[in-house]
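To keep things clear, I will list the structure first and then write my remarks on it.
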There are 2 protein chains.
Amino acid sequence: MQMLKSNHKDAYALILDAIDIGVYKPGDRLVESELADRFGVSRTPIREALQRLETQSLLTRDGRSLIVASLDHNQLAELYVVRTELEGLAARLAARHAAPEEIRVLREMVQEDRALLGDPGALARANRRFHKQIHLASHNRYLVQQLDLVHRSMALLATTSLAVDGRGELALEEHEAIVSAIEKADGEAAYQALKHHLSAAFETRLKSDATAAQAAE
Amino acid sequence: MQMLKSNHKDAYALILDAIDIGVYKPGDRLVESELADRFGVSRTPIREALQRLETQSLLTRDGRSLIVASLDHNQLAELYVVRTELEGLAARLAARHAAPEEIRVLREMVQEDRALLGDPGALARANRRFHKQIHLASHNRYLVQQLDLVHRSMALLATTSLAVDGRGELALEEHEAIVSAIEKADGEAAYQALKHHLSAAFETRLKSDATAAQAAE
DNA sequence: CCCCCCATGATTGCTGATAATTTTAAACAT
DNA sequence: ATGTTTAAAATTATCAGCAATCATGGGGGG
């Protein structure tokens, strides 16, 4: 008999979700007993989940206790450099190794995501799916894993650049260019297109952060 | 008063060492109670260390229990692709961002490591130091972290390519070329030199593995 | 009035015990 | 001999409680 999919996820996923949703924001302290109460388990599984999150750099130590990691400007820039290189590599490999079916899935995604242009949240999820599909198409498990880590770190960023006016349209065009390059099996073009895509996204983020910072003064 | 450096490392380091030394080899099952006995602590810190090692892919699940991960031929190839790209990036960034002092340290390493040419073990450690120094010179903390992960995965490989006849000399020449490129602040040359270095190392490994496999028939 | 010291409470680290699950192996039937 | 069922052993997952450490705040002392 098939086990019903329990709605009782494990502590790791629960805490990750809580961070994603914004229950805990960068800088917040995570107290084991509090989390244990909130999720109705004892401290042991909480501790283990916290340590896993720590090794993935989503949490960081402040003295003896753990706080949600935050990305300052420098760290964000450093993350983007690494992300760009890894995603670029994934695109290059995808152009070389993707199965025809995988490419078709990518193309369909680009089509279907047009329907989401009004909804930044849905667009952000679609964007993640799209990139994940490229990672998988690289057929390099290590790369997929490293990129998972990178993306998990980006969960610390509250905003998505896709919410900025007009960025959604541009991003989809860039996706289209990436898929076209992969279709042509042109690794270098795919690499460049993905690099351009992330560069544009980073630039948008910096601009919107600058505006927000000014507004906060 | 300064605490004496305790010879009682934490469970994580102890298990990692045990894997490094070869007490536990890829495929071996790690039993919590056995490790707890061996290191004289209770199962809880062992469990936490095991989970950390699992998230770093040094251990993998086989059903409910953990075994030391192993790298088959494909996984090794995939790892090398990612490693090459990341180390190449580090070299390029180091050429751009390294402080003069950091470059001098690199140059000294190349000089001093000549003295170790007879001792593959010492050479392997020196090699790790050298690469780590380049990582740091990139001044990108994310990259340093990702590369740490990659190198930890390589701990699963029992042999070092530096033990192969003549490889030590070649490797040091390649190190020399890398440092020269960084000195000239020529990022592209540094990138290419590092790529070449790793490519040569990988090739050496494949050859020696092939020989060993034949001998085992 | 401000600063330092100590006591108190909060929080993490660890232990031993218990529950749940899986693996092992042994007896049995085919 | 081989496959299958069932019971026992081993192992992992979780829990509640204790010990150690750290932060906080409330008095003295200057």
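Just so you know, all these numbers are worked out from the coordinates, no wet-lab data involved. All figures in this text were calculated on a predicted structure; none of them were measured in a lab. Heads up, the Cβs are rebuilt from the backbone with ideal geometry, glycines too, and the neighbour counts pull from every protein chain shown.
The table that follows gives values for the structure above.
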{"item": "Across the identical copies, how the B:V41 labels are spaced - nm, sorted shortest first, 7 Å along Cα→Cβ", "result": "2.1"}
{"item": "Estimated 222 nm signal from helices in chain A, with DSSP H stretches of n ≥ 4 weighted -39500 (n - 2.57), rounded to 500", "result": "-23000 deg cm²/dmol"}
{"item": "FRET efficiency, 1/(1 + (r/R0)^6) with R0 22 Å, evaluated for B:K132 and B:E108 via beta carbons", "result": "0.90"}
{"item": "Distance histogram in 5 Å bins (all Cα pairs of chain A, percent per bin)", "result": "1, 7, 13, 16, 17, 15, 13, 10, 6, 2, 0, 0, 0"}
{"item": "Packing-based ranking, highest mean first, of A:165-174, B:169-178 given that Cβ atoms within 10 Å are counted", "result": "B:169-178, A:165-174"}
{"item": "Nitroxide proxy distance, nm - points 7 Å out along Cα→Cβ at B:A163 and A:V23", "result": "5.0"}
{"item": "Kirkwood Rh, Cα atoms: Rg over Rh of region B:148-200", "result": "1.04"}
{"item": "Packing-based exposure ordering (other Cβ within 10 Å, fewest first) of B:E102, A:E34", "result": "A:E34, B:E102"}
{"item": "Residues A:E32 and A:R125, FRET efficiency given R0 of 30 Å [Cβ-Cβ distance, rounded to 0.05]", "result": "0.45"}
{"item": "Estimated FRET transfer efficiency (A:Q214, A:A77; beta-carbon r; R0 22 Å; 0.05)", "result": "0.70"}
{"item": "Cβ-defined net charge surrounding B:K132, 14 Å radius [Lys, Arg +1; Asp, Glu -1]", "result": "+2"}
{"item": "Cα coordinate range in region B:11-68, projected on the principal axes (Å, largest first)", "result": "24, 24, 17"}
{"item": "Chain A Cβ-axis minimum, rotational copy B, residue and distance in Å", "result": "A:T55, 3"}
{"item": "Kirkwood hydrodynamic radius of the protein assembly as shown, Cα pairs, Å", "result": "24.0"}
{"item": "Additional length obtainable on full extension of the chain from B:S180 to B:R152, 0.36 nm per residue less Cα span", "result": "7.3 nm"}
{"item": "For A:D148, label point 7 Å along C-beta direction: distances to other copies, nm", "result": "2.0"}
